[in-house]
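The next block holds one structure in the form of structure tokens; read it before the comments.
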Amino acid sequence: METISVVLVMMVAVVVSGAITRALPIAVPLPLVQIALGAAIASVANFGVELQPDIFFLLFLPPLLFLDGWRIPKEGLFRDRNAILGLALGLVVFTVVGVGFFIHWLIPAMPLPVAFALAAIVSPTDPIAVSAIAARVPIPKRLMHILEGESLLNDASGLVCMRFAVAAALTGAFSLAAAFGTFLWVSIGGIVIGVVVTWCVTRATVLISRRFGEETGSQILVSLLIPFAAYLLAEHLHCSGILAAVSAGITMSYAEFLGKVLAVTRVRRSAVWDTVQFATNGIIFVLFGEQLPTIAARAADVVRETGHHEPVWLLIYVIVINAALAALRFVWVWTALKFTMFRIRRRGQSMAAPGWRLVAATSLAGVRGAITLAGVLTLPLTTYDGSPFPARDLAIFLAAGVIIMSLVAASIGLPRVLRGLRLPPAPELDAKEVRARVAAAEAAIHAIEKCQHDMGKGRADADVYADAGARVMDIYRRRIDGFSKTGKEADLARHVGTIERELRLTGLRAERDEISRLARGGKISDEPARKLVREIDLLEARISMH
């Protein structure tokens, strides 16, 4: 009962955090509100939650990494692969080495392998926090794609580096050749396992659905189980469960187009995964806030062992480490851009050099979040001989401090850097998206023509079917006509489309209000009322997305 009560309190705190964030007059990152709520819970109730690292890692990381891989735009990922790989791999190694040695120099009581582990833990970035911070300021879409791709891959690279550093801390030995060979095995093996598990499971569900019909609840449950299956199988074979979860998500984004899944399944599955993402991220930060007072007290004891008797040194350590992370990120981004410009000029091409504010925005956007917190909480409690893991509490506190400090710095600095930043005008619709919409509308017209012809063939009222088909096809023809316009005509068509969308939304809301009024008055029963409201909700959601 006590465990269930703790879980329920955490979930309520996550719900309350969303309401508080929306009510605040200024843009405050949601994770900061959740951390504050967790600390408030700890001040009034001592749950005594003791997090088991392996269980925590298994519960929280696979679904988050899987969903990142599933939803990230693949075209942007491949288009900007050089920049993304540079940030996700090169910058991670640069950070682990540079910040690792710096932390060991700054805090000699922290062994070098533990310092490397801490540097690896704080290297992954969190795009969800960046999106929350940049919600009220313009941010280049391509920059967001790069940041999303970076966070997808540096989660894996940072946490894999952490595993090597922890192993060195536990065994007291480290071999670069052995580490490289192990890295290849765990990386390639993890990627292959994630791909194979997702492909086999999705193909099996497609075959079963075609033969026996599709059940929406089962399809959703299967999608929830895939990341855990890939992660557990990879860990059992001593490969990277992290990379398995990521590759499983990427494979899922391709596999879902191979089978015809019911529309209601996709709608409900998306809603379920949105809830899982919101709840998982939120619970991680609320748990962190609940653990923060205890972590701070234990970290203060470790600081006293270093010869400093004032707890203020904890804050100094956090500020200095965060400054080092920001400086290394700025240097890496600036150097990478210079190298890119050099390669472009060498090919005889020309390109406008990005301004310093864009470089600063890329550096500030490197905030830490749920993955860093989940990773640091998985540090072992003890070494192989049963003694406490060295400086574990201090490492957890410093990682937590870096998360908070990076969120605060980005929430203050990023809007200022991006405000007034002149960006190249982006078209309302991407050219490929326009062509896809036109092709889809033309396919719909051909299908409707064939269907209405087959339905009315040999019937006395065939003209009724032709009239109905003409009315439906007229919708698609107007859509094609709108996409084919250019210049002022295109602007006018978009303006008319905006007006039409607002009018349709107004009509749908009026429909829903009237049905609700009739249901409250007992003039329509609950079941048809719910059916009608759901139809209106789906139409409104579809129209609102355009």
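The values are calculated or read from the model by the stated rules, or taken from the named source; none is laboratory data. The structure presented is a predicted model; accordingly, all values stated were derived computationally and were not measured. We place every Cβ from the backbone using ideal geometry, glycine too, and count neighbours over all the protein chains shown. Side chains included, ligands, DNA and RNA excluded: accessible areas come from the protein's heavy atoms. Shrake-Rupley method; radii C 1.70, N 1.55, O 1.52, S 1.80 Å.
Quick look at the values:
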{"read-out": "Cα-based helix-to-principal-axis angle, 241-255 vs the chain, degrees rounded to 10", "value": "10"}
{"read-out": "Three semi-axes of the equivalent ellipsoid, the chain, Cα gyration tensor, whole Å, largest first", "value": "47, 28, 25"}
{"read-out": "Three-way shape call for the stretch 500-545 based on the alpha-carbon gyration tensor, with the a/c threshold at 1.5", "value": "oblate"}
{"read-out": "Net dipole in debye of the stretch 176-306 [+1 Lys, Arg Cβ; -1 Asp, Glu Cβ; about Cα centre; nearest 20]", "value": "500"}
{"read-out": "Cα-centre dipole for the chain with unit charges at Cβ (Lys and Arg positive, Asp and Glu negative), debye to 20", "value": "1820"}
{"read-out": "Ranked packing of 191-198, 220-227, 330-337, most packed first, by mean Cβ within 10 Å", "value": "191-198, 220-227, 330-337"}
{"read-out": "0 to 90° range, to nearest 10: angle between helix 141-171 axis and the chain longest Cα axis", "value": "40"}
{"read-out": "Estimated vicinal HN-Hα couplings, Hz - the stretch 520-528 in sequence order (Karplus 6.51, -1.76, 1.60; Gly, Pro = x)", "value": "5, x, x, 8, 8, 6, 5, 4, x"}
{"read-out": "Ordering of 150-162, 528-540, 82-94 by packing [mean C-beta count within 10 Å, highest first]", "value": "150-162, 82-94, 528-540"}
{"read-out": "Charge sum, other residues only, whose C-beta stays under 10 Å from ALA245's C-beta, Lys/Arg counted +1 and Asp/Glu -1", "value": "-2"}
{"read-out": "Probe 1.4 Å, protein heavy atoms only - accessible area per residue of the chain in square angstrom", "value": "54"}
{"read-out": "Table column - 3J(HN,Hα) (Hz), the stretch 116-125, Karplus curve with 6.51, -1.76, 1.60, x for Gly and Pro", "value": "5, 4, 5, 5, 5, 5, 8, 6, x, 10"}
{"read-out": "Residue-averaged [θ]222 nm for the chain, counting only DSSP H segments that reach four residues, each worth -39500 (n - 2.57)", "value": "-27000 deg cm²/dmol"}
{"read-out": "Packing-based order for 389-397, 436-444, using average beta carbon neighbours within 10 Å, highest first", "value": "389-397, 436-444"}
{"read-out": "Cβ-defined net charge surrounding VAL264, 10 Å radius [Lys, Arg +1; Asp, Glu -1]", "value": "+3"}
{"read-out": "Rounded if a/c under 1.5, otherwise prolate or oblate - the stretch 430-546, Cα gyration tensor axes", "value": "oblate"}
{"read-out": "Lys pairs, the chain - Cα-Cα below 30 angstrom, 8 or more residues apart or on other chains", "value": "18"}
